Each structure stands twice: as C-alpha cells, then as structure tokens.
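Below: the structure, in structure tokens.
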Amino acid sequence: MTRAIYPGSFDPVTFGHLDIIKRSASIMDELIVGVLNNSKKQPLFSVDERVRMLCEVTKAYANVKVTSFSGLLIDFADEVGAGVIVRGLRAITDFEYELQMSQTNHIMNPGIDTIFFTTSLEYAYLSSSTVKEVAMYGGDISRFVPETVIKAIREKFN
Ligand code: COA
C-alpha cells in the first residue's frame, strides 16, 4: 500500500493545490494532506480553519485525509507511515528550493522519497498570497479558489 503526504501551508487551498491533490490521489492508495503549522509565515487562516476548508473541498476523494502537523516533515511522515512526499512544481523558480528540500529529507530519512507533479498550466502562476492580495482589493478570485474558500476569505476581509 502506498501512502503519501502532500504537505504545505495551504493558506488558503487553491485550485492549483486541488489539481495536485486530485492527480496524486489517483495514483496513490492513500494521500494525507498535511497542513503545516508554520512559524515562519504569518497566516490569514488558523491551522484549524485551513484543515476545515481542505476537508470540505476534498470530501469527494475517498482516499484523501487532511491533518495538521508541526516540526519536521520527515517526522510527520514517520508518524503517519508515509514513504512518499508529493510536491507540485509550478515553474523553474520552484525547482531549486524543492530539490534542496527533497534531498535534505532523503538524507535525513532514506526511506522517504519525494515525487513531483508539474502543476497544470492554468495554475502555474497561482499562489495563496496572490489570491489573498486580489481578494483584499475586492478582485474576483472565483477562477483561483473554490466557493468555500471565497466565502471564508470574504468573512476575513469584511
Ligand atoms: N498551486 C498553487 N500554488 C502553489 C502550488 C500549486 N500547485 N504549489 C505551491 N503553491 C504555492 C502556495 O500557495 C504557497 O504560496 P504562498 O507562499 O503565497 O503562501 C507557495 O507556493 C509555497 O507553499 P507551500 O507548498 O505551502 O510550501 P511551504 O514553503 O509553505 O511549505 C513544506 C513547504 C511544508 C513542505 C516545508 O516548509 C516543510 O517541510 N516544513 C516542515 C519543516 C521541515 O521539515 N523542514 C526541513 C525541510 S528540508
């Protein structure tokens, strides 16, 4: 059985993330979406809010679970018994950071490998920060995030 983790901040989840979730879940037995409690970022949504939104937008996928984590990703992988980390690559600019992370994780735990999905072209430009900025100035974010997230962002900015 192949259990994989898709980690990230997901502040908030976008269609770009959902694209990776859908495609990776279709080839894994189980996909655990890990929401990082990241002390390096100042999030708009609490970890619980991010987990709730992700649960809502992934409920159609029976083999996808959502949970939060803090600390090292390899420790979280061990804890949940996952041998694969899934990451999305949007552009060449993501590559160097992702390569460094995957190699460091592999050195720390050779039993864990990272596999990369190239983000679908229509989401290659997307990031959670862009979505928040567009929303903050009242722009239309319906092409970037699901309805649940639109509502949650509106509540935050109202
Ligand atoms: N579609 C749309 N946006 C995407 C995307 C996709 N497919 N893939 C990434 N992004 C965006 C995110 O929205 C996010 O945007 P933001 O910066 O505006 O919020 C950005 O790309 C990067 O985000 P994310 O994928 O959430 O990564 P991260 O850098 O916040 O976290 C972890 C990456 C969780 C894998 C990493 O920080 C980690 O493992 N942390 C745990 C500590 C650890 O083990 N450290 C040692 C690592 S060697």
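The values are calculated or read from the model by the stated rules, or taken from the named source; none is laboratory data. Everything numeric here is computed off the predicted structure, so don't read it as measured data. We place every Cβ from the backbone using ideal geometry, glycine too, and count neighbours over all the protein chains shown. All accessible areas refer to the heavy atoms of the entire protein, side chains included, with ligands and DNA or RNA removed. Shrake-Rupley method; radii C 1.70, N 1.55, O 1.52, S 1.80 Å.
Taking only segment 125-141 into account, find how many residues are within 8 Å of the ligand (Cβ to nearest atom) and outside any helix (DSSP H, G or I).
Going through segment 125-141 one residue at a time, the tally reaches 2.
Of all residues in segment 1-27, how many are of a type in the set (A, V, I, L, M) and either at pLDDT below 95 or part of a helix (DSSP H, G or I) (or both)? It would help to see each step written out before you state the result.
Restricting attention to segment 1-27, the residues satisfying the condition of being of a type in the set (A, V, I, L, M) are 1, 4-5, 13, 18, 20-21, 25, 27.
Then drop every residue that is not either at pLDDT below 95 or part of a helix (DSSP H, G or I) (or both), which leaves 1, 18, 20-21, 25.
Number of matching residues: 5.
Kindly indicate which of PHE117, PHE144 is near the ligand (Cβ under 8 Å from one of its atoms) and aromatic (Phe, Trp, Tyr). Let's see the steps before the verdict.
On the way: PHE144 fails: near the ligand (Cβ under 8 Å from one of its atoms).
After ruling out the rest, the residue left standing is PHE117.
Take segment 9-37 and flag every residue that is in contact (Cβ under 8 Å) with a residue 60 or more places away in the chain and either of a type outside the set (Phe, Trp, Tyr) or more than 18 Å from ALA152 (Cβ to Cβ) (or both). Don't jump to the end; show me each part of the working.
Of all residues in segment 9-37, those in contact (Cβ under 8 Å) with a residue 60 or more places away in the chain come to 9-20, 23-24.
Within segment 9-37, SER9, ASP11, PRO12, VAL13, THR14, GLY16, HIS17, LEU18, ASP19, ILE20, ARG23, SER24 meet the criteria.
Tell me which residues, restricted to segment 116-158, are of a type in the set (Lys, Arg) and in contact (Cβ under 8 Å) with a residue 24 or more places away in the chain.
Correct list: LYS132, ARG143, LYS156.
Counting only residues that are in a helix (DSSP H, G or I) and aromatic (Phe, Trp, Tyr), which one in segment 68-121 is surrounded by the most Cβ atoms within 10 Å (Cβ to Cβ)?
PHE76
So, in segment 31-66, of the ones that are open to solvent by 50 Å² or more (accessible area, probe 1.4 Å) and within 13 Å of the chain's Cα centre (by Cα), which residue ends up nearest to MET101 (Cα to Cα)?
Applying the filter and picking the extreme gives ASN37.
Select from segment 84-99 the residues that are in contact (Cβ under 8 Å) with a residue 40 or more places away in the chain and either within 9 Å of the ligand (Cβ to nearest atom) or in contact with a helix residue (DSSP H, G or I) (Cβ under 8 Å, 6 or more places away or on another chain) (or both) and list them in ascending order. It would help to see each step written out before you state the result.
The first filter runs over segment 84-99 and keeps only residues in contact (Cβ under 8 Å) with a residue 40 or more places away in the chain, leaving 84-88, 90.
Within segment 84-99, ILE85, VAL86, ARG87, GLY88, ARG90 qualify.
The rows are residues; the columns are (1) touching a strand residue (DSSP E or B) at 6+ places or on another chain (Cβ under 9 Å); (2) over 28 Å from GLU122 (Cβ atoms); (3) within 11 Å of the ligand (Cβ to nearest atom).
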{"position": "GLY8", "(1), (2), (3)": "yes, no, yes"}
{"position": "GLU49", "(1), (2), (3)": "no, no, no"}
{"position": "TYR61", "(1), (2), (3)": "yes, no, no"}
{"position": "ALA82", "(1), (2), (3)": "yes, yes, no"}
{"position": "MET101", "(1), (2), (3)": "yes, no, yes"}
{"position": "MET108", "(1), (2), (3)": "no, yes, yes"}
